[in-house]
Amino acid sequence: MSYAAAPQTAHPLEIQARVSFGVAAEAFTLDVDLALPGHGVTAFFGPSGCGKTTLLRAVAGLERPNPGRIKVSGDTWQDDDANTWLPTHQRPLGYVFQEASLFSHLSVQGNLDFGLKRVPAGERRIALDQAIELLGIGHLLSRRPAQLSGGERQRVAIARALATSPRLLLMDEPLAALDAARKAELLPYFERLQRELALPILYVSHSLDEVARLATHLVLLSNGRVQATGATSELLTRLDLPLAHGDNASAVIEGEVTGLDIAWDLLQIRFTGGMLQCVHAADSRPRPIGARLRVRVLARDVSLALTPAHDTSVLNVLPATVRAITPDGSAQALVTLDAGGTTLLARVTRKSADILHLAVGQTVFAQIKAVAVLN
Ligand code: ADP
Ligand code: MG
């Protein structure tokens with residue numbers, strides 16, 4: 001299947017767009033100039049009203065940026081200088097919204113066929129069977145949308161978007177209308193899309209948990225402007241950005257599954273800073289040996305010791321170098337750690353930092369409970 005092209009050769013996504021609404025005090029202007037990876041999930045993150053939806057609409061051609069320049073997979077969708085403007089229906093993209101907009105009078109199969117028909121047979125890059133399999137909806141094909149749960153409706157909407165053989169998938173808060181249990185059910189499908197299709201995904205969310213779990217690249221938006229853009233793992237731990245300062249400040253660790261400790265049912269992961277043991281996520285996705293895995297560790301779940309403790313229940317004790325110690329409120333400090341090239345954050349009390357005489361450059365042992373490694 002041609003989607004499985006080597007991602008490293010993918011063209012970057014170029015988005016230069018200025019979109020203005022309203023006048024004077026009511027005015028809002030989105031003004032961005034972005035070069036994004038042409039593969040993987042890029043998340044747009046920011047508070048309500050910062051321009052996330054406007055940005056996706058500009059990429060889709062539902063807003064006409066002025067000025068604007070949009071290039072996807074080497075194809076130009078808008079270029080003012082060359083007088084190029086593709087209307088939405090000529091842009092090979094899939095768009096998934098918060099609420100799945102399925103045709104209620106058609107079955108799931110009918111909805112999927114509708115997506116498929118939009119693409120001439122010779123231009124199809126993804127088989128409908130494959131989209132059905134990826135989203136796990138084979139048993140739902142004869143149902144009407146009213147007979148589906150919210151999560152199932154979203155899976156059908158995504159499969160329908162894939163059936164159009166898009167070069168780019170746009171997702172605007174696709175989990176926001178679902179409760180926590182449905183969200184947890186859907187997340188593994190998003191991970192699968194990312195893993196199995198070399199299709200870039202632009203993913204809008206205001207949930208840091210989703211972003212940390214799904215996105216390899218992150219764009220922080222604030223009031224229509226790009227506040228920061230870069231690898232998710234880097235932005236999450238940057239202390240000059242707001243992400244590292246909230247309650248769920250965290251680090252993302254990218255690693256590889258090296259084994260399953262069957263006796264204890266623990267997953268073993270190797271990353272640049274050593275080995276991690278963790279408890280499987282409840283949704284028990286298959287985690288074959290060799291699979292790449294992103295796990296997340298909250299700053300408040302990392303404690304520090306000056307010597308490696310052996311008489312402890314904590315299974316992960318990692319040597320790390322202190323890179324920075326930043327006061328965080330009146331009682332706490334955030335300690336930035338380098339564990340073999342992977343950045344971790346530890347939130348400790350100022351009191352503990354003082355008792356341990358923590359200092360930049362010092363070697364410490366970061367202690368992470370196996371049950372606190374989110375995967
Ligand atoms: P987000 O998706 O991040 O919540 P939006 O992109 O929907 O933000 O909106 C950004 C700003 O632009 C908001 O202040 C919103 O009210 C305004 N806006 C969006 N669409 C329009 C429109 N069609 N006309 C006027 N203002 C709009
Ligand atoms: Mg929005």
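All of the numbers you see were taken from the coordinates with simple rules; none came from a lab. The structure displayed is predicted, hence computed values, not measured ones. With ideal geometry, Cβ positions are generated from the backbone for all residues, glycine too; neighbour counts draw on all protein chains shown.
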How do 275, 171 line up, fewest other C-beta atoms within 10 Å first? 275, 171
Considering the options 76, 65, 28, tell which one lies farthest towards the positive end of the dipole of segment 4-132, charges being +1 on Lys and Arg and -1 on Asp and Glu at the Cβ, about the Cα centre. 76
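Given a Förster radius of 45 Å and the C-beta distance between residue 103 and residue 349 as r, what FRET efficiency does 1/(1 + (r/R0)^6) yield to the nearest 0.05?
Working: r = 56 Å, r/R0 = 1.25.
Once rounded, the FRET efficiency stands at 0.20.
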Given q = 0.15, 0.23 Å⁻¹, what are the Debye log10 I(q)/I(0) values for segment 250-372, with equal point scatterers placed on the Cα positions and solvent ignored? -0.67, -1.35
Using the Cα centre of segment 250-372 as origin and beta-carbon charges of +1 (Lys, Arg) and -1 (Asp, Glu), tell me which of 308, 278, 264 is placed farthest towards the positive end of the dipole. 278
Using Cα pairs under 8 angstrom and six or more residues apart, how large is the relative contact order of segment 13-244, in percent? 29
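What does the highest-first list of 128-135, 12-19, 154-161 look like by mean Cβ count within 10 Å? Mind dumping the intermediate values first?
Values: 128-135: 18.1, 12-19: 19.6, 154-161: 24.8.
Ranked by mean Cβ neighbours within 10 Å, highest first: 154-161, 12-19, 128-135.
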Using +1 at the Cβ of each Lys and Arg and -1 at the Cβ of each Asp and Glu in the chain, identify which of 355, 320, 176 lies farthest towards the dipole's positive end. 176
I need the peptides 182-194, 304-316 ranked by packing, meaning the mean over residues of other C-beta atoms within 10 angstrom, with the highest value on top. 182-194, 304-316
State, in angstrom, two size descriptors of segment 17-101 derived from its alpha carbons: Rg to one decimal place and Dmax to the nearest whole number. 13.5, 39
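Give me 23, 335, 322 ranked fewest to most by other Cβ atoms within 10 Å of their Cβ, as a rough exposure proxy.
Working: 23 7, 335 27, 322 21.
With the fewest neighbours first, 23, 335, 322 line up as 23, 322, 335.
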Charge dipole magnitude, Cβ of K and R +1, D and E -1 - segment 117-242, Cα centre, debye nearest 20: 520
Treat every Asp and Glu Cβ in segment 258-345 as -1 and every Lys and Arg Cβ as +1, leave all other atoms uncharged, and give the resulting dipole magnitude about the Cα centre to the nearest 20 debye. 360
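Rounded to the nearest 500, what is the chain's calculated 222 nm mean residue ellipticity when only DSSP H runs of at least 4 contribute -39500 (n - 2.57) each, over all residues?
Details: 8 runs with 76 residues, N = 375.
That calculation yields -6000 deg cm²/dmol at 222 nm.
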Mean Cα-pair separation over length for segment 250-372, i.e. relative contact order, pairs under 8 Å, 6 or more apart, %: 30
Using the crude model of +1 on Lys and Arg Cβ and -1 on Asp and Glu Cβ, and no other charge, please compute the dipole size for the chain relative to its Cα centre, in debye to 20. 460
Going highest first, how would you order 64-73, 142-151, 195-204 by mean Cβ packing within 10 Å? 195-204, 64-73, 142-151
Just to compare against my own numbers: the Cα pair-distance distribution for segment 10-163, 10 Å bins, whole % per bin, please. 10, 33, 32, 21, 5, 0
How big is the gap, in Å, between the Cα center of segment 115-150 and the Cα center of segment 160-202? 14
Sorting 271, 44 on the 10 Å Cβ count, fewest up front, what's the list? 271, 44
Placing one identical point scatterer on every Cα of the chain and ignoring solvent, what is log10 I(q)/I(0) from the Debye formula at q = 0.11, 0.15 Å⁻¹? -0.84, -1.33
